[in-house]
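Visitor: My structure is below; once you've seen it, I'll send some questions.
The values are calculated or read from the model by the stated rules, or taken from the named source; none is laboratory data. Predicted model only: the values in this text are computed from it and were never measured. With ideal geometry, Cβ positions are generated from the backbone for all residues, glycine too; neighbour counts draw on all protein chains shown. The area values use the complete protein model at the heavy-atom level, side chains included, leaving out ligands, DNA and RNA. Shrake-Rupley method; radii C 1.70, N 1.55, O 1.52, S 1.80 Å.
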Amino acid sequence: MSYLELRNLEKSFDGINAVRDFNLEVKKGEFISLLGPSGCGKTTTLRMVAGFELPDFGSIVVDGEDITMVPSNQRGMGMVFQSYALFPNMTAWDNIAFGLRVARQPAAEIQDRVARILDLVGLSESGSKYSNELSGGQQQRVALARALAIEPRVLLLDEPLSALDAVVRVSLRSEIRRIQSTLGITTIYVTHDQEEALSISDRVVVMRKAVIEQVGTPEEIYIQPDTHFVATFVGTVNEFFAVLKDAGSGLAVGSSNTVIHTNPVSGTFRNGDQVVVYVRPEEIHVSTKGLAVHADNQFTAVVREITLLGPVTRLILEMNGFLVTADIKTVDRNRYVINEPVSISFNRSACRVMPAG
């Protein structure tokens, strides 16, 4: 049963659609990420849930209650901003206690709850510090603790980690997920970082130009993208433009008569259709020892670029007029030399076929 329902939400500014026909049902305790490029409508959607923006059309329902027209301070939402928005004249403890004091909670309850929340976010020893005495990561933990202290019906996070350096960002996103799971709190998280969304979400909502492109688990979004935008926005992907020759057996022909074997395709696909075959870089096997024995698709190629990406090394290969990206283990990178020939292969199960254009 849905706990949070966003029904047909629409919002425009100066006649330009910011959010259009947005529908989403969220289960209690679910962690949902809104993912997309700048200007796609994800923050506007979050602000409508928070009550900072009123929708032009549609409704917002929480636990059976329509809160569309309820003022933001009466919705029981916890909001964490990108800029932290801490009160600089207050200690971490007082920042966290602020909402409880406004709600006129008993002093003993405030004392107990702030202590518990400080411990939950790992700041038990920092309650007496002011914001300028805390690191960026600690400030964001205080902002999260302040939102959690009021025991919100829904936790809303608007790109909360984008101002932090990479190492802190990875660590803190795991902490946010741990805390959310511990409390079982329904959460909407806005980000433009694909890795972030895939790593911590129960489901991801991919947005583009004010509308939803796809809703699914991280695995579904990455492995089974529904649209060209999702396939190319989430992660890196190889695109083989081809003509479908045999939909029933999964056979397409690209440039230079390159034959690509895929799983059989059905639905609206017909022989002769212009299609794109998508293959992720990690599905491309590269070898200097000749063609693979059991691969469905096998080609020769030439190495054009070699880029170190930590534990993974990315190869750019030229194959029959296609530029192909392949990710290999960095420990194997010395096997490959720029402008030297290699063999590449991938199985039909690695191919995702979509209409071209």
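Visitor: Could you tell me the accessible area of Ser171 in Å² (1.4 Å probe, neighbours in place), rounded to the nearest ten?
Guide: Here the residue's solvent-accessible area equals roughly 60 Å².
Visitor: Now for a different question. What does a probe at Lys27 reach in the range 176-207, counting residues whose amide N is under 19 Å from the point 7 Å along Cα→Cβ?
Guide: 177-189, 198-206
Visitor: In addition: Give the accessible surface of the chain per residue, rounded to a whole number of Å², with probe radius 1.4 Å and ligands, DNA and RNA excluded. Show your work: numbers first, answer last.
Guide: Working: 17060 Å² over 357 residues.
Per-residue value: 48 Å².
Visitor: Mind checking the dipole of the chain: about its Cα centre, +1 per Lys or Arg Cβ, -1 per Asp or Glu Cβ, Debye to the nearest 20?
Guide: Numbers: 34 positive and 41 negative charges, 57 e Å.
That gives a dipole near 280 debye.
Visitor: Of the heavy-atom accessible surface of the chain (probe 1.4 angstrom), what whole percent is carbon and sulfur?
Guide: Working: 8420 of 17060 Å².
Result for the chain: 49 percent of the exposed heavy-atom area is carbon or sulfur.
Visitor: Next question, about the same structure. For Thr232 and Ala163, compute 0.36 nm times the residue count separating them, minus their Cα-Cα distance, and round to one decimal in nm. Walk me through the numbers before you get to the answer.
Guide: Details: separation 69, 0.36 × 69 = 24.84 nm, distance 2.51 nm.
Taking 0.36 nm per residue and subtracting the Cα distance, the gain is 22.3 nm.
Visitor: Restricting to lysines 8 or more places apart or on different chains, can you count the pairs in the chain with Cα atoms under 17 Å from each other? Working shown, then result.
Guide: Details: Lys11/Lys42; Lys11/Lys209; Lys42/Lys209; Lys289/Lys329.
Close lysine pairs found across the chain: 4.
Visitor: Follow-up. When only the heavy atoms of the protein chains count and the probe is 1.4 Å, how do Leu120, Leu156, Leu309 rank by accessible area, highest first? Present the calculation step by step, with values, prior to reporting the outcome.
Guide: On the way: Leu120 30, Leu156 0, Leu309 85 Å².
Per-residue accessible area, sorted high to low, gives Leu309, Leu120, Leu156.
Visitor: Given the rule -39500 (n - 2.57) for each run of at least 4 DSSP H residues, summed and divided by the residues of the chain, what is its mean residue ellipticity at 222 nm, to the nearest 500 deg cm²/dmol?
Guide: On the way: 8 runs with 85 residues, N = 357.
That comes out to -7000 deg cm²/dmol.
Visitor: Ordered by residue, what ³J(HN,Hα) values in Hz, to whole numbers, does the range 40-53 give under the Karplus form 6.51 cos²θ - 1.76 cosθ + 1.60, where θ = phi - 60° and Gly and Pro are x?
Guide: Running phi through 6.51 cos²θ - 1.76 cosθ + 1.60 with θ = phi - 60° gives 7, x, 5, 5, 4, 4, 4, 5, 5, 5, 6, x, 7, 10 Hz.
Visitor: Return a whole-number percent for the relative contact order of the chain, with Cα pairs under 8 Å and 6 or more residues apart as the contact set.
Guide: Working: 739 pairs, mean separation 53.3, N = 357.
Dividing the mean separation by the residue count of the chain yields 15 percent.
Visitor: Another question, then. Along the range 214-231, what does the Karplus equation 6.51 cos²θ - 1.76 cosθ + 1.60 (θ = phi - 60°) give for ³J(HN,Hα), rounded to whole Hz, x for Gly and Pro?
Guide: My calculation for the range 214-231 gives 6, 10, x, 5, x, 5, 5, 4, 7, 8, 10, x, 8, 9, 4, 4, 4, 4 Hz in order.
Visitor: Moving on. After finding the eigenvalues of the alpha carbon gyration tensor for the chain, what semi-axes result from the square roots of 5 times each, listed largest first in whole Å? Could the numbers behind the result be given before it?
Guide: Values: eigenvalues 429, 132, 45 Å².
Result for the chain: semi-axes of 46, 26, 15 Å.
Visitor: Something else about it: Could you go through the range 142-152 in sequence order and give the Karplus-derived ³J(HN,Hα) for each residue, using 6.51 cos²θ - 1.76 cosθ + 1.60 with θ = phi - 60°, rounded to whole Hz, and x for Gly and Pro?
Guide: Once θ is set to phi - 60°, the couplings for the range 142-152 become 5, 4, 5, 4, 4, 5, 6, 4, 7, 6, x Hz.
Visitor: While we're here: Could you check which residue among Val168, Val190, Val215 shows the biggest mean-square fluctuation in a GNM of the chain with a 10 Å Cα cutoff?
Guide: In the Gaussian network model the winner is Val168.
Visitor: Now for a separate question. Could you tell me which of Ser287, Thr187, Ile60 has its Cα farthest along the dipole of the chain towards the positive end, charges placed at Cβ (Lys, Arg +1; Asp, Glu -1), taken about the Cα centre?
Guide: The one lying farthest along the dipole's positive direction is Ser287.
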